[in-house]
Amino acid sequence: MTSAPTATTDAQPGTRVPDHRGRTDLDRTGLDLTGNPRVRVVGVELLAAAWHVLRRTTLDYRGSDGRWRRQQRETYDRGNGATVLLYDPDRATVLLTRQFRFPVYVNGHPDGMLLETAAGLLDDDDPATAIRREAEEETGVQVGALERVFDVWMSPGSVTERLHFWAAPYTPAQRTAAGGGLAEEGEDIEVVELPFPRALAMTLTGEVADAKTIMLLQWAALHGPFRGR
């Protein structure tokens, strides 16, 4: 068995006292879960809450042999998000973004500049509202009709985020602003329009190496607007 849970002190910001974002009870997430009778959450320790939240949860898990075993899991909670593939069916193009991603840079990517579909966190919005906001901020496109593609947990071993995938057609006339993201949030985003066949081929060369973007491009080829082309 692993060691017993370490209690989070009540004086730690984000517990009984608010953190810098006014949040409390961040060390209680998961204590009320009852959906799986093979899981009993014993305790939650708040490890960090600078912006997003890192927790260590101690739980008892009943294995397939019927025995209960104590385990610990660390989870990173950054909220849920949404992403959208913007495509022009007449010109057979897609509109992507390129921006610097430090986590991939520090993990071996040559320059950290990733080609991606427009995306962002939901914050307090529903997924459709959030992705319209993010698409306009990042690409300058005012999105019309949205098609829901699927909802996916992107890294279920440690990250709680659920990502809502969408697709939407666009025309040059719908790009009413330059995009580029919000400077006050440190965003410096380049808008990149590519022929769909080239974008799809780039998933095999490594030029497109972002999971959500690869998933949406493959969906577009197999089931979406460019099926059979």
> How about region 10-24: which of its residues are open to solvent by 70 Å² or more (accessible area, probe 1.4 Å), out of contact with any Phe, Trp or Tyr (no Cβ under 9 Å at 6 or more places or on another chain) and charged (D, E, K, R)?
Replying inline: D10, R16
> Among (1) more than 15 Å from L96 (Cβ to Cβ); (2) open to solvent by less than 60 Å² (accessible area, probe 1.4 Å); (3) out of contact with any His (no Cβ under 9 Å at 6 or more places or on another chain), which single condition is V152 missing?
Replying inline: (3)
> Which one is nearest to M154 (Cα to Cα), of the residues in region 108-126 that are open to solvent by 30 Å² or more (accessible area, probe 1.4 Å) and within 13 Å of the chain's Cα centre (by Cα)?
Replying inline: L121
> Taking region 179-210, which residues are assigned to a helix (DSSP H, G or I) and either at pLDDT below 95 or touching a Ser or Thr at 6+ places or on another chain (Cβ under 7 Å) (or both)?
Replying inline: A183, E184, E185, F196
> So, of the residues in region 211-229 that are free of Cβ contacts under 8 Å to residues at least 12 places away in the same chain and either assigned to a helix (DSSP H, G or I) or hydroxyl-bearing (S, T, Y) (or both), which turns out to be surrounded by the most Cβ atoms within 10 Å (Cβ to Cβ)?
Replying inline: I214
> Quick check, is R132 free of Cβ contacts under 8 Å to residues at least 60 places away in the same chain, open to solvent by 60 Å² or more (accessible area, probe 1.4 Å), assigned to a strand (DSSP E or B) and not small (G, A, S)?
Replying inline: no
>> Just checking, does region 38-58 include any residue being assigned to a strand (DSSP E or B), open to solvent by 40 Å² or more (accessible area, probe 1.4 Å) and of a type in the set (F, W, Y)?
In response: no
>> For the condition touching a residue at least 24 places away in the same chain (Cβ under 8 Å), farther than 30 Å from G180 by Cβ and aliphatic (A, V, I, L, M), what is the one hit in V94, V44?
In response: V44
>> Condition first: touching a strand residue (DSSP E or B) at 6+ places or on another chain (Cβ under 7 Å) and of a type in the set (D, E, K, R). Now tell me which residues in region 208-229 satisfy that.
In response: D210, K212
>> I need the full set of residues from region 213-229 which are touching a Ser or Thr at 6+ places or on another chain (Cβ under 6 Å) and either of a type in the set (S, T, N, Q) or closer than 11 Å to P89 by Cα (or both), in order please.
In response: T213
> Can you name every residue in region 69-107 that is open to solvent by less than 80 Å² (accessible area, probe 1.4 Å) and among the β-branched types (V, I, T)?
Replying inline: T75, T83, V84, T93, V94, T97, V104
>> Could you tell me how many of the residues in region 180-210 are open to solvent by less than 50 Å² (accessible area, probe 1.4 Å) and under 20 Å from the mean Cα position of the chain (by Cα)?
In response: 9
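The values are calculated or read from the model by the stated rules, or taken from the named source; none is laboratory data. Note that this is a predicted model, so its numbers are computed, not measured. For neighbour counting, all protein chains shown are included, and Cβ atoms are generated from backbone atoms with ideal geometry for every residue, glycine included. What goes into the accessible areas is simple: the full protein's heavy atoms, side chains included, and nothing from ligands, DNA or RNA. Shrake-Rupley method; radii C 1.70, N 1.55, O 1.52, S 1.80 Å.
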